[in-house]
Structures are given as C-alpha cells and as structure tokens.
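Scroll down for the structure; my scribbles are underneath it.
The values are calculated or read from the model by the stated rules, or taken from the named source; none is laboratory data. Remember, it's a predicted structure, so these values are computed and weren't measured experimentally. Virtual Cβ from ideal backbone geometry, glycine too; neighbours counted across all protein chains shown.
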Amino acid sequence: MREMTPLIHPQPARSRTSRRLTALALLLQASTLFAALPAAAASTVLQLDLHRGVSARIFSADYVKEHWVRESDGRAWLEIPGYGSTELLLPGRAGAVDAYYPHAALDVYEALAAVAHPALPETLSVYCLPYPRLGLTSSSTAGARIFMSPGALPIPREVTHMVATHELGHAMHNRYLPDSDTAGWQAYRALRDIEDSSIYCADAQHRNRPREIFAEDFRFLFGGALANYSGTIENAALPAPDAVPGLHGFLFALGQAGSGLPAVGGLAASNYPNPFNPQTRLQLEAAREQLGQSLAVEVFDAAGRRVRTLYLGALERTALELEWDGRDERGAALPSGVYFARIRLGQQRLSHKMLLIG
C-alpha cells in the first residue's frame, strides 16, 4: 500500500455514525489491553490474542533489526526464516533519505485489536521494518505476513492504524478469497461494480487494482476509529463501502463456518449458479442413516432475517435439489446481496452462503 493524502468523501450519516461508535467501543477495549502491556514491549515482540484462536505476533523494528537484519560492507539484508532474503535500503545510500522512522509496534497492536471482523486469519505475523526493502519501499503482505515499511518522517498513529488494517485486508483475501477463487472474485467485482478488466486489473493504477479496493473496503468496514480517520477510501471515485448494498455482508461472511465449506458429518450443501440472478438450485447431500430425520431449509439475509422457507418435512432421499427464485415469502424480488441457506437436519446445523446479483 502506498500512503495517501486523506480525501473527504460523503457517506450516509447514520451508517457512518453507527460504525464509528462500534469502532470507538472496540478501540476502548483495545486500549485496556494496551495499558496492560509491559513498558519494554515496544522493543520486543507483542502477542495479541483475539477471539476464536486467532493470534498475531507484532515484531518491533528494534527486534527485527537485532534478529533478522544482516549488514555487511555498507549493505543490509532482511533474512526471516521461511521468508527468504531481501536487500534493504540503508539510510544515506543513493536514493535513500538520511534517516527512517519505523511504525510503532504498539500502534500496530492497537490497530489490530480494534478490527471488528469475526474470522481473521488464524496466525498473523507483523514486521515493523527498520529500513525499507530495496525495490519495494511500501508496506505489503505475503500470505499472513505483514511488512510495515518505515517512513521518511515520523509516522502518526492514525496512519499506522490505516496501513496495518489495510494490509490485514490483504491477509484476509489471501486466506479466504485467493486468486484461484474465480467465482468469489467475480461475485466481489459484481458487488463493487468493478467488472471492467480494462480499468480494474492487477496492472492498473494502484487505486484501481481489485485487491487494493478489497483491502480498502475491509479497512473502511471493519477497522477501528483511527484506521478510518480520513473518512474515505483510496479510490474516492468509487462509492463508499457502506453505501454498496451487500458488500458488508459479503466481507463479513468470509472465513466463517458454513460459508460454502464442506459440511459437518454426512451433510453437505452447494448451489449453482453462484452468484446467480434470479434463480439458483440448492443441492443437499446427506448420509443414508439420516433418512427420515426432520429437515428444514430456510433462507436468511445478511442481517439474519428469515426471508424464505424452501423445505419443511422429513428427509426422503440422500440427494435433494431445491430451487430458489430470489424472492421472499410474499413473492417480492429481493435486492442484490449475500444470503444464507440455513439447514437443520436432525441435530445437525449447516449454513451455506449464496450471492444474488442484480
């Protein structure tokens, strides 16, 4: 991510205020954790334990320099086990400034603790670099490794929050929406109205790259108050993320149980096409020993409201196909967005994510 000049972009006041209040509450909680840290933590390693077994290790610039920077004959290399070796740009070299100012590990800690998403990648490693990498001077993410590049001037806390949360967005799509998930990216592009690959592609200007737009959407929708201090996203020509129908639900569902992953036991669900408009076929598979058990198949929207019941009765065969026309119980067409088929078979429960597009 390249650091950017904040822009002012109008947003719906009600959703913006609600999201800011939530973020502020989370930030207060993070501040409590922050206050409990030992004073020496800024020069070592911070361990952040979040919900559902998620943890993050944040390595300060001093720690990175002491353990993983090798200097020789006026040059330096970053050598992290399992990552490889990359040359660093030392101060005073041609094209370099006289001094670098790293991101503060405690600010990164605060930023991650304030994120309001229920399914972050299981293990994160964040490296506050003492020097930028040669040929890659901006912050970046590789898998679940986040590299926070230093600046030529002292970095304000809010900028660290913004950068760290943006890079966490990259870790999210690396884990839950990889490049191989063409259907998932197609669904995201359709929601975001960035399907024109001549404009929105990996080789486009930074603000028009789909993965950068995703990372900004994640920061805006799930980051804390400081991460959203500017009130905008990098590409101010796009609608604000909270003004895009279905976008919050799509990102919120990533990584959660029942979002299209294989089901528990002998129960499995899939739908085709997905995304769809206006019809899709929901296919259920169950084990033979589940025949005769009570089955309920209901559709819920991203806010948790039941909008349609597709099946109530006993399971009569191990393979069942149900058609949904994208309408609610009254026959009204539903808006584009993420929907969940919630399936109850005996004592088993399963939720399957579906995307209705306009």
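Out of everything in segment 154-176 that is charged (D, E, K, R) and either closer than 13 Å to VAL115 by Cβ or within 15 Å of the chain's Cα centre (by Cα) (or both), what residue ends up being surrounded by the fewest Cβ atoms within 10 Å (Cβ to Cβ)?
Looking at residues that are charged (D, E, K, R) and either closer than 13 Å to VAL115 by Cβ or within 15 Å of the chain's Cα centre (by Cα) (or both), I get ARG175.
So GLY326 fits all but one of (1) at pLDDT below 90; (2) crowded, with 18+ Cβ neighbours inside 10 Å; (3) not assigned by TED's automatic domain parsing to the domain that holds LEU191; what number is the exception?
Among (1) at pLDDT below 90; (2) crowded, with 18+ Cβ neighbours inside 10 Å; (3) not assigned by TED's automatic domain parsing to the domain that holds LEU191, the lone unmet condition for GLY326 is (1).
Within segment 269-319, can you find the residues that are of a type in the set (Gly, Ala, Ser) and assigned to a loop (DSSP other than H, G, I, E, B)?
ALA286, ALA287, GLY292, ALA302, ALA303, GLY304
Run down GLY231, GLY224 and say which single residue is more than 20 Å from LEU356 (Cα to Cα), touching a Leu at 6+ places or on another chain (Cβ under 7 Å) and not in a helix (DSSP H, G or I).
Going through GLY231, GLY224 in turn, the sole match is GLY224.
How many of the residues in segment 103-142 are in a loop (DSSP other than H, G, I, E, B) and in contact with a Lys or Arg (Cβ under 6 Å, 6 or more places away or on another chain)?
Qualifying residue count, segment 103-142: 3.
Counting only residues that are touching a helix residue (DSSP H, G or I) at 6+ places or on another chain (Cβ under 8 Å), without any contact (Cβ under 8 Å) to a residue 40 or more places away in the chain and either among the polar types (S, T, N, Q) or surrounded by fewer than 17 Cβ atoms within 10 Å (Cβ to Cβ) (or both), how many does segment 201-210 have?
Qualifying residue count, segment 201-210: 2.
Which residues, taken from segment 149-165, are part of a helix (DSSP H, G or I), out of contact with any strand residue (DSSP E or B) (no Cβ under 9 Å at 6 or more places or on another chain) and not hydroxyl-bearing (Ser, Thr, Tyr)?
ARG157, GLU158, HIS161, MET162
Identify, please: which residue in segment 325-348 is assigned to a strand (DSSP E or B) and more than 30 Å from VAL244 (Cβ to Cβ) and is, among those, farthest from the chain's Cα centre (by Cα)?
LEU345
For segment 180-199, what are the residues that are on the phi < 0 side of the Ramachandran plot, part of a loop (DSSP other than H, G, I, E, B) and modelled with pLDDT of 90 or more?
ILE194, GLU195, ASP196, SER197, SER198, ILE199, listed by residue number.
In segment 124-147, how many are under 17 Å from LEU254 (Cβ atoms), surrounded by fewer than 23 Cβ atoms within 10 Å (Cβ to Cβ) and touching a residue at least 60 places away in the same chain (Cβ under 8 Å)?
0
For segment 150-200, what are the residues that are under 23 Å from ALA99 (Cβ atoms) and free of Cβ contacts under 8 Å to residues at least 24 places away in the same chain?
Of everything in segment 150-200, just one residue is under 23 Å from ALA99 (Cβ atoms) and free of Cβ contacts under 8 Å to residues at least 24 places away in the same chain, namely PRO156.
Of the conditions (1) modelled with pLDDT of 90 or more; (2) surrounded by 19 or more Cβ atoms within 10 Å (Cβ to Cβ), GLY246 satisfies every one except a single condition; which number is it?
Looking at each condition in turn, GLY246 falls short on (1).
Report yes if LEU322 is within 25 Å of ALA187 (Cβ to Cβ) and assigned to a strand (DSSP E or B), otherwise no.
It is true that LEU322 is within 25 Å of ALA187 (Cβ to Cβ) and assigned to a strand (DSSP E or B).
From the list ALA296, ALA286, ALA319, which one is in contact with a Ser or Thr (Cβ under 6 Å, 6 or more places away or on another chain) and over 20 Å from ALA253 (Cα atoms)?
Of the residues listed, the single one that is in contact with a Ser or Thr (Cβ under 6 Å, 6 or more places away or on another chain) and over 20 Å from ALA253 (Cα atoms) is ALA286.
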